[in-house]
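Scroll down for the structure; my scribbles are underneath it.
Every read-out reported here was derived from the displayed coordinates using simple, explicitly stated rules and does not represent laboratory data. Keep in mind that what you see is a predicted model, and the values were worked out from it rather than measured. Quick reminder, even Gly has a Cβ in these numbers, built from the backbone with ideal geometry, and neighbours come from all protein chains shown.
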Amino acid sequence: GDSVTQMEGPVTLSEEAFLTINCTYTATGYPSLFWYVQYPGEGLQLLLKATKADDKGSNKGFEATYRKETTSFHLEKGSVQVSDSAVYFCALSKSGNTPLVFGKGTRLSVIA
Amino acid sequence: GAVVSQHPSRVICKSGTSVKIECRSLDFQATTMFWYRQFPKQSLMLMATSNEGSKATYEQGVEKDKFLINHASLTLSTLTVTSAHPEDSSFYICSARDRVPVNYGYTFGSGTRLTVV
């Protein structure tokens, strides 16, 4: 079945450091790919998405590019802030009313 | 943008009682609602999928008689945890799928932290 694998956390970075969280997927067909962020005690918020190969999703300084050849959707940010501390989930979706398939999540802690 | 209002955000109940969690879609029609459970420091586990006006489809291992899901309208879905026990303590999150998939249509509620004592 479809699956998402993302790097194990926790990830601890100093403020203004470069962030990469790796995500790869296994799926038949052409899924859409997402990054969600979860702040402590809250639900999930969509961070960015890409619906086809070579699309780049971006939001709040975060970017991820849909790479079909490597089945990857790595999340990057050039300069993290303390407020970026959260859990990040990579996910995929097929067409129709199918649920999202999530990775296990990566906890990011940014220290001042 | 699309918003899903989930209530209550936190609930503490006694063992053996039932708890109802509501998710309402604001300003859009949710044809499909997904219910997830999340254990501490873990990913989301899909419990069930419900479509408006029909019975929910439960994932393997989820007791349908314990976790009652109702999706009677396009703006409201409820999850009732019946005869709750301490092992049901968890974070429950709903996700609504738009009838028209703006922003690709997955909008999450803010979650409900259930503690059974």
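Once you list every other residue whose beta carbon is under 9 Å from the beta carbon of A:Tyr30, what net charge do they have if Lys and Arg are +1 and Asp and Glu are -1?
Counting the neighbours of A:Tyr30, the net charge comes to +3.
Would you work out the Kirkwood radius for the stretch B:4-105? I mean one over the mean of 1/r across all pairs of different Cα atoms, in Å.
On the way: mean 1/r = 0.0718 Å⁻¹.
Result for the stretch B:4-105 stands at 13.9 Å.
Quick one: what does P(r) look like for the protein assembly as shown with 10 Å bins over all Cα pairs, in whole %?
Each 10 Å bin holds this share of Cα pairs: 8, 32, 35, 20, 5, 0.
Return a single number: how many Lys pairs in chain B, at a sequence separation of 8 or more or on separate chains, have alpha-carbon atoms below 23 angstrom apart.
Details: B:Lys14/B:Lys64; B:Lys14/B:Lys66; B:Lys20/B:Lys55; B:Lys20/B:Lys64; B:Lys20/B:Lys66; B:Lys55/B:Lys64; B:Lys55/B:Lys66.
Going through chain B pair by pair, I get 7.
Can you give the FRET efficiency for B:Ser73 and A:Ser83, using 1/(1 + (r/R0)^6), R0 = 30 Å, r = Cβ-Cβ distance, to the nearest 0.05? The partial results should precede the final answer.
Details: r = 37 Å, r/R0 = 1.24.
The pair B:Ser73/A:Ser83 has a calculated efficiency of 0.20.
Per residue of A:97-104, count partner chain C-beta atoms within 10 Å of its C-beta, then hand back the mean as an integer. Walk me through the numbers before you get to the answer.
Details: counts 9, 4, 12, 9, 2, 6, 2, 4.
What the average comes to for A:97-104 is 6.
So which aspartates and glutamates can A:Lys94 reach, going by Cα to Cα under 13 Å and dropping same-chain residues fewer than 8 places off?
Partners within reach: A:Asp2.
Residue-wise, which Karplus ³J(HN,Hα) couplings in Hz belong to the stretch A:30-38, taking 6.51 cos²θ - 1.76 cosθ + 1.60, θ = phi - 60°, and x for glycine or proline?
Residue by residue, the stretch A:30-38 yields 10, x, 8, 10, 9, 10, 10, 10, 10 Hz.
What is the local net charge at A:Phe62, summed over the other residues whose Cβ is closer than 14 Å to its Cβ (Lys, Arg +1; Asp, Glu -1)?
Values: positive: A:Lys49, A:Lys56, A:Lys60, A:Lys77; negative: A:Glu63, A:Glu76, A:Asp84.
With Lys, Arg at +1 and Asp, Glu at -1, the neighbours total +1.
Peptide A:14-20: average number of partner chain Cβ atoms within 10 Å per residue? The partial results should precede the final answer.
On the way: counts 0, 0, 0, 0, 0, 0, 0.
Mean partner-chain Cβ count within 10 Å for A:14-20: 0.
Using only the alpha carbons, work out the radius of gyration and Dmax of chain A in angstrom.
Looking at chain A, its Cα Rg and Dmax stand at 13.4, 43 Å.
Using a simple charge model, +1 on the beta-carbon of Lys and Arg, -1 on the beta-carbon of Asp and Glu, nothing else, what dipole does chain B show about its Cα centre, in debye to the nearest 20? Could you put the intermediate results ahead of the total?
Values: 12 positive and 9 negative charges, 38 e Å.
Around 180 debye, computed over chain B.
Report the net charge of residues surrounding A:Glu76, where surrounding means a beta-carbon distance below 13 angstrom and charges are Lys +1, Arg +1, Asp -1, Glu -1.
Values: positive: A:Lys56, A:Lys60, A:Arg67, A:Lys77; negative: A:Glu63, A:Asp84.
Local net charge: +2.
Roughly how crowded by other chains is peptide A:43-50, in terms of the mean Cβ count from those chains within 10 Å of each of its Cβ atoms? Don't skip to the end; give the middle numbers.
On the way: counts 16, 11, 3, 7, 0, 0, 3, 0.
Whole-number average of other-chain Cβ neighbours for A:43-50 is 5.
Tell me, for chain B, which Cys residues have no other cysteine's C-beta sitting closer than 4.7 Å.
Taking the Cβ cut-off of 4.7 Å, the unpaired cysteines of chain B are B:Cys13.
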